[in-house]
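The values are calculated or read from the model by the stated rules, or taken from the named source; none is laboratory data. Every value quoted in this text rests on a predicted model; they were computed, and no experiment measured them.
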Amino acid sequence: MAKVTSKLQVTVPKAIADRYGLKPGDEIEWIAAGETIRVVPAGRAPTIDVKLRLKLFDAATERQRRRQAHRRVTRALKDRAWRREDVYRRGRAG
């Protein structure tokens, strides 16, 4: 695990540098990806145009809808044999 120094510098672990062929002086790009940060060697960052990105997003959304459609339907809450209050009273007197 790398630490951020007081000058906001980060050391790339040797195993990662070797795996991706990084050498001293090479540039890397920091790409915001939601709640994470991607570190990519400069010039190797994927460039996806907006139309393709939206097409991929729509395809992923459709796959998720199909997965959820095949899930077993659970009983409605009112069909349970117990109530919420029963859970909190269980094992207690009165």
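Among R65, R75, R44, which is outside any strand (DSSP E or B) and at pLDDT 90 or above?
Details: R75 fails: at pLDDT 90 or above; R44 fails: at pLDDT 90 or above.
From the options R65, R75, R44, the qualifying one is R65.
Among the residues of the stretch 12-41, those identified as within 21 Å of the chain's Cα centre (by Cα), among the charged types (D, E, K, R) and not in a loop (DSSP other than H, G, I, E, B) are E29, R38.
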